[in-house]
Amino acid sequence: MNAPRSALLEPPLTKRIAILTAGGDCPGLNAVIRGVVKSAGQLGYDCIGFLRGFEGLIAPVCYMPLNATNTAGILTRGGTILGSTNKGRFVVRRGVDDHIGLDRQLIDEAKTTAEQLNLAGLICVGGDGSLSIAQQLFEAGLPVVGVPKTIDNDLSATAYTFGFDSAVACATDALDRLHTTAASHERIMVLEVMGRHAGWIALHAGIAGGGDVILVPEIEWSFEHVCDKVLSREADGKRFTLVVVAEGAALPGGNLVSTSDGAGQVKLGGIGRVVADEISRRLHREARCVVLGHLQRGGNPTTFDRVLATQFGAHAVRLVHHRRFGEMVCYHPPQIDSVPVREAVCRLSRVDPDSSLVQAARALGISFGDRPARQSPFSIEAANGCCAPMVAESGIAAMSPISALPSP
Ligand code: F6P
């Protein structure tokens, strides 16, 4: 429905919940929409969906009724039937942690729409930029509830966002494929993955896909150490190397590789090529780069993302029903919970270089490009006379004889 303001519906007789999907899309958005529609229906609410994110809230107001018929079969589908945009009149992001206030006129218009449509709740599904818009609408008096989504998994208020698992599955599949061709041709293959300023996708896919080097924004690295890893693998008879690099990993010296769209928006990307070329130059080996790009955002959601997104949708309706506005659903395993949206957008979640996941990767011989290739974190601990509880509890310490063997 594409309606001029004068043609907006009269206040409905039934209760009404609206949902919108904003920012970059990701697998699982349709599962949230379906979760909202189904659970809202159980409580006697009608649902509508605004089109193209927050844009649908302002003239010409665009929305569609959502019901059992037009949401049937969307659980498994990637993308969003409502459309989304990370451009347009509601863009408030210029760079990391750089949010600016919305135009007052936009907020007032959105408020008028919500009032004219007699909304009991407005469920905003988005990443940190979109949720900061949702927060501003809430502060202006709209009955907003937030649902976090992003493949980057960089929202600190939730352990996981849906979309992340699907993106990792895509990147892992790419590594599996690169593995066989890299081995056949004895090449160095560099895979550049998304994630903005967090290295979650690179870290998880790198581990799941048997990467040899993982470069993330959170760990400073050098070409010397990356090349050292390639050479140490060759010394062990492995004539190929898989490098996973996060788009937001800064080059040695601190520069990010990015392009500007001319409107002040910076797009990360291009570091994979730089890494491949430099390895080639230094080692005189063939190094190729693959940029996975938006493949990570497309396709069907994984089982995990379907389950998480469905729970988020149902819980968002519950929050509306209990008039818990200004809150965002979140996942604190094993519970689905909620936090104030304000808290959710103030800090990014980034990889902790000292986390057990990074430690485990290092223990397998994965290089983060910051140390000599053969330095095990456990041998460093032993030299320091300490052993973190994670190591003892997981039983990895009992496997120490293996560390004397050549790395794979
Ligand atoms: O935030 C999700 C994300 O896919 C990032 O990983 C990436 O940097 C960015 O969006 C790409 O945005 P666009 O689709 O506008 O190129």
Output for the range 259-283, where each listed residue is touching a Gly at 6+ places or on another chain (Cβ under 9 Å), modelled with pLDDT of 95 or more and among the small types (Gly, Ala, Ser): 269
Given the structure, is residue 340 under 28 Å from residue 245 (Cβ atoms), away from the ligand (no atom under 16 Å from the Cβ) and either surrounded by 15 or more Cβ atoms within 10 Å (Cβ to Cβ) or in the same structural domain as residue 151 (by TED's automatic domain parsing) (or both)? no
Please state which one of 216, 226 is under 16 Å from residue 278 (Cβ atoms) and either touching a residue at least 12 places away in the same chain (Cβ under 8 Å) or out of contact with any Lys or Arg (no Cβ under 7 Å at 6 or more places or on another chain) (or both). 226
Residues 242, 292: which one is buried (at least 21 other Cβ atoms within 10 Å of the Cβ) and under 30 Å from residue 77 (Cβ atoms)? 292
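Can you name every residue in the range 310-363 that is of a type in the set (A, V, I, L, M), in contact (Cβ under 8 Å) with a residue 60 or more places away in the chain and more than 26 Å from residue 41 (Cα to Cα)?
The answer is 344, 345, 348, 351, 357, 358, 360, 361.
Say we look at the range 190-215 and pick out the residues that are charged (D, E, K, R) and touching a helix residue (DSSP H, G or I) at 6+ places or on another chain (Cβ under 7 Å); which of these is farthest from the ligand (Cβ to nearest atom)?
212
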Select from the range 320-336 the residues that are outside any loop (DSSP other than H, G, I, E, B) and exposed (fewer than 14 other Cβ atoms within 10 Å of the Cβ) and list them in ascending order. 332, 335
Given the conditions (1) within 14 Å of the ligand (Cβ to nearest atom); (2) modelled with pLDDT of 95 or more, report the number of the one that residue 81 does not fulfil. (1)
Hey, among the residues in the range 264-314 that are aliphatic (A, V, I, L, M) and farther than 28 Å from residue 149 by Cβ, which one's farthest from the ligand (Cβ to nearest atom)? 283
Among strands (runs of 3 or more DSSP E) lying entirely in the range 227-308, which contain 2 or more residues that are not polar (S, T, N, Q)? 241-246, 266-268, 287-291
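State yes or no: is residue 187 away from the ligand (no atom under 16 Å from the Cβ), within 26 Å of the chain's Cα centre (by Cα) and of a type in the set (Lys, Arg)?
no
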Between a first residue in the range 21-42 that is within 12 Å of residue 312 (Cα to Cα) and a second residue that is buried (at least 24 other Cβ atoms within 10 Å of the Cβ) and acidic (Asp, Glu), which pairs have beta carbons less than 7 Å apart while being 6 or more apart in sequence or on different chains? 28/305
Kindly indicate whether any position in the range 205-216 is among the aliphatic types (A, V, I, L, M), assigned to a loop (DSSP other than H, G, I, E, B) and farther than 30 Å from residue 125 by Cα. no
Report, ordered by the first and then the second residue, all pairs with beta carbons closer than 6 Å, sequence separation of six or more or different chains, a first member in the range 234-255 that is in the same structural domain as residue 151 (by TED's automatic domain parsing) and polar (S, T, N, Q), and a second member that is in a strand (DSSP E or B) and within 16 Å of the ligand (Cβ to nearest atom). none
Restricting attention to the range 14-44, which residues are away from the ligand (no atom under 16 Å from the Cβ), of a type in the set (D, E, K, R) and either within 18 Å of the chain's Cα centre (by Cα) or in a helix (DSSP H, G or I) (or both)? 34, 38
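The values are calculated or read from the model by the stated rules, or taken from the named source; none is laboratory data. Owing to the predicted nature of the structure, the values given are computational and were not obtained by experimental measurement. Note that we place each Cβ from the backbone using ideal geometry, even for glycine, and neighbour counts take in every protein chain shown.
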